[in-house]
Amino acid sequence: MGDHDPTNLPEDAREALVALREIAPFDRIDPGVLSRSMRRGRIRRLERGEVLLEPRMGPPKTFFVLLSGRVDGLVDGSDGHPVWSLGRGDSFPLGALMERRPVSTRQVVADAGQAVALPADAFERLRRESEAFDDFCTRRIGHLLTRGPVAEEIEGDAGGSGALLDPATPIRARMEARTLTLDGGTTLAEAARELESHGGEAILVRLSDGFGIATLRDLAFRGLTRPADTTLAEIATRDPVGIDADTSLLEAAVSLAEHGFHHLLVTERGRDEPLGVLDEGALYRVNAMTPGLLHQRIGRARDIEALADIRHEVPGIVGALLESGSGFAPISRIVSGINDAIARRVIGLTFEDAPLPAELEWCWLTFGSEARSEQTLATDQDNGLVFDGPLDPQTARDHLLPLARRVNEALDQLGYPLCPGNIMAGNPDLCLSVDEWGTRFRGWIDQGTPEHLLKASIFFDARGLAGSQSLFEQWASAWREPARKNSRFRRQLAANALRNQPPLTLFGGFRTRSRGGQRGIDIKTEGATPFVDAARIEALAEGAQATRTDQRLALVPERALPADDLTAAYDFIQRLRLRHQYAQIQRGESPDNLIDPDRLDGLTQRLLKESFRIARKLQQHLAIAYQL
C-alpha cells in the first residue's frame, strides 16, 4: 500500500483527512498528495472565547479549516462586533500564511466546534504539490507576477476561491433557501405568518406588472399604521434593482453598497420568475458593520455628529474586506459609495432649507479619486459646482458659495480634509456657470500650457454627485469631445504624465525619498498615479465616459500591454496602500502613503517591483503613442 493509503496515517491525521475530503477545494486534490500533506494534520477542539490568531502573535504557524462552530474576526473600534464571521468549510488565514506576516484581526472562537489544523510547513508542501490547492490560494498579476499572492483569501463553503466576497463565486452559491413568494393581494397579517413559518428576511411579491420585494422590516414598520386589510402590493418596493444569479459575490456587494440597499432581486436567464431575493447578510456574514446598514443610518442622520459616528466605522469595513480577499476595485467602490452617501447627506442637510431661486439649476461636482470611485482611508476633498438658469452668473454664485463653503467645512469636520490646492466648490473659481466652465475648458484644450494642464487633469475625472445630472452631462460634453479630437492636447497631458516615473533605480532597486524624517516610497504618487494618468489619457482619446481606472485600463491596446496585467498590477499597488493605511489606523496613527520597502517581506518586494515595471511599460506605450 502506498503513502496515499489513509490507513498508513496516524489516527488524528486519518480523521482530519476524511473530514477534508468533503470540503472544497480539498475534494479536488489528488488523494495521494493530500494524504502525504496530512500526515501532521489533526482535528482540534475549539473552545468558545479562545483566541486563535491575533497580530501580536507574529506570522501564523497553523492553517485551519473549520468543521463546525464559528470564528469571528474582531478589530479595535468595532465594539465587539465581528467584521467577519466564518463557519463550516471556511479556511484561514491564507493571506497571512502566504505572505508570512501577522494577521490583521483578532480571530476568536465565537461558537465552540472543531477544525482541521495543519502546520504552516505542511500547508506550504500542499501548495507546492497540488496545483488545485495552489490555484485556490493564489492570484496572478499576469505572467509577470505568476503565483504571487496579492490577496488574503478565506475559503468559504460556496466554492470558487472562497473569499467571503469572492470574484469567482456566483450569487446563486450563497442563496441557501428559496425565497418565500406571495401574491400582492396577500394581507400583511397573512404575510407575517407565512414568513415566520418559512423563515428568512424578505418576501418576493408577485405584482400585476412584475415583482417587488417586501422585507420583515417593511411588515413591522410600514404596516404599523396601515389598516388591517393592507396588502403586500401596497408596501412592496416596486421595480427593485435586479442582478443575475451568475454575477459574482463581489459585484453584488458593490451594487448593494452603491445603491444603499439591503436586498437585490436575483434573476436567471431563461426564467420568467426571479430566482429569489439576496440579503446583504448572506454576502458578509457579519452584523452591524455592513455597507447597506451604514447607508440606512446615513439617510436618517440629522446632523454632523451622527454622520461622524458612521464615518468612524468605515475602516472596520475596509479591514473586513481586506481579510476576505477582495480586490482594490470592489473595496474602493464600496468605500467611495459610503463616502458619496455621506457627502450627499451633508449637501442635502445644507441645501434643503436654503432659499435658492426656483429657476437656479445646479450640480455638485466631485473630482479625482472620489469621482473614480477609488478612495482609500486617506483622502481629501476635490469638488466644484456648475449652475445654469436665467440669473446672471455672479448673482447665482452669491446664492451658492455660502452653502458650498458650509458643505466643505462640514466634510472637513467629518474627516475629509480641505483640499490644500483649494479644489473645492467654495472656491469662486470652481463655482461657475456651465458657459463659464465651457470657456475655461476651451482655453485649456486649445491653448493650454503644461502648467495649466497639471492643474486641469483632475477635472477630467468627474461625476455629478448631487443636483441635476442632466446639467452634469452638459458640463462634461464641454470637454469630452473636444479632448477626443485634439491630439496636441492629449500629447501635452502625456508629457506631463511621464514626469512622474515609477520609483525604480537603473539597476532595479527601489528609489526612496525622505519625508518628515522617514524614508520610503510614496505609493500613491509614484505607484498608483502613473496608472491613473495613463488610463485617463486613453479614456480621453476614446471619448469614453468611464471614470474608474480599471475600466479605462481596458482601453489600452492589447498589443501594448495585456489588460489583465495592467489591472492586476494596479490592484496590487492599491491593495498594498490600503493595507498600509489600515494598519496605521489600527495603531492610532494618521494614514499616509509613505511605505518603507525595507519593511516589506521579500515576496511583496518582488511583486511590487514587477508592478512598477508594468507601470514603466505603460509609460513607454504613452511615449511611443505620442512620440515623446
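The values are calculated or read from the model by the stated rules, or taken from the named source; none is laboratory data. Computed from a prediction, not measured in an experiment: that's the story for all the values here. Glycine also receives a Cβ, built like all others from the backbone with ideal geometry; neighbour counts cover every protein chain displayed. With ligands, DNA and RNA removed, areas are computed over all heavy atoms of the protein, side chains included. Shrake-Rupley method; radii C 1.70, N 1.55, O 1.52, S 1.80 Å.
Tabulated results
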| item | result |
| --- | --- |
| Hits in the stretch 63-97 (condition: open to solvent by less than 20 Å² (accessible area, probe 1.4 Å), within 20 Å of Pro119 (Cα to Cα) and modelled with pLDDT of 80 or more) | Phe63, Phe64, Val65, Leu66, Val71, Ser91, Phe92, Pro93, Ala96, Leu97 |
| Checking Asp592 against (1) within 24 Å of the chain's Cα centre (by Cα); (2) surrounded by fewer than 17 Cβ atoms within 10 Å (Cβ to Cβ); (3) part of a loop (DSSP other than H, G, I, E, B), the condition it does not meet | (2) |
| Selection status of Leu414, under 33 Å from the mean Cα position of the chain (by Cα) and over 23 Å from Leu540 (Cα atoms) | yes |
| Yes/no for Ala583 being over 23 Å from Ser477 (Cβ atoms), open to solvent by less than 20 Å² (accessible area, probe 1.4 Å) and part of a helix (DSSP H, G or I) | no |
| Within the stretch 181-207, considering residues that are in contact with a helix residue (DSSP H, G or I) (Cβ under 7 Å, 6 or more places away or on another chain) and at pLDDT 90 or above, the one most open to solvent (accessible area, probe 1.4 Å) | Gly185 |
| Contacts under 6 angstrom Cβ, first residue in the stretch 296-320 being within 17 Å of Pro591 (Cβ to Cβ), partner open to solvent by less than 20 Å² (accessible area, probe 1.4 Å) and among the hydroxyl-bearing types (Ser, Thr, Tyr), 6 or more apart | Gly316/Ser78; Val318/Tyr582; Gly319/Tyr582 |
| Tally of residues being at pLDDT 85 or above and not in a loop (DSSP other than H, G, I, E, B) across the stretch 27-36 | 6 |
| Where Pro417 falls short, out of the listed (1) open to solvent by 10 Å² or more (accessible area, probe 1.4 Å); (2) in a loop (DSSP other than H, G, I, E, B); (3) closer than 24 Å to Leu356 by Cβ | (3) |
| Pair list, Cβ under 7 Å, 6 or more apart: the stretch 422-434 residue under 13 Å from Leu400 (Cβ atoms) and not assigned by the TED database to the domain that holds Leu403, other residue in a loop (DSSP other than H, G, I, E, B) and modelled with pLDDT under 95 | none |
| Pair list, Cβ under 9 Å, 6 or more apart: the stretch 596-625 residue part of a helix (DSSP H, G or I) and open to solvent by 40 Å² or more (accessible area, probe 1.4 Å), other residue at pLDDT below 90 and of a type in the set (Asp, Glu) | Leu603/Glu99; Gln605/Asp598; Lys617/Asp565 |
| Qualifying residue in the stretch 57-68 (condition: in contact with a Gly (Cβ under 7 Å, 6 or more places away or on another chain), on the phi > 0 side of the Ramachandran plot and without any contact (Cβ under 8 Å) to a residue 60 or more places away in the chain) | no |
| Filtered residues of the stretch 344-368 (kept if hydrophobic (A, V, I, L, M, F, W, C) and either open to solvent by 10 Å² or more (accessible area, probe 1.4 Å) or more than 19 Å from Leu471 (Cα to Cα) (or both)) | Val346, Leu349, Phe351, Ala354, Leu356, Ala358, Leu360, Trp362 |
| Odd one out for Gly49, checked against (1) open to solvent by 20 Å² or more (accessible area, probe 1.4 Å); (2) of a type in the set (Gly, Ala, Ser); (3) within 21 Å of Cys137 (Cα to Cα) | (3) |
| Of residues in the stretch 369-411 being assigned to a loop (DSSP other than H, G, I, E, B) and either without any contact (Cβ under 8 Å) to a residue 12 or more places away in the chain or of a type in the set (Gly, Ala, Ser) (or both), the one most open to solvent (accessible area, probe 1.4 Å) | Asp392 |
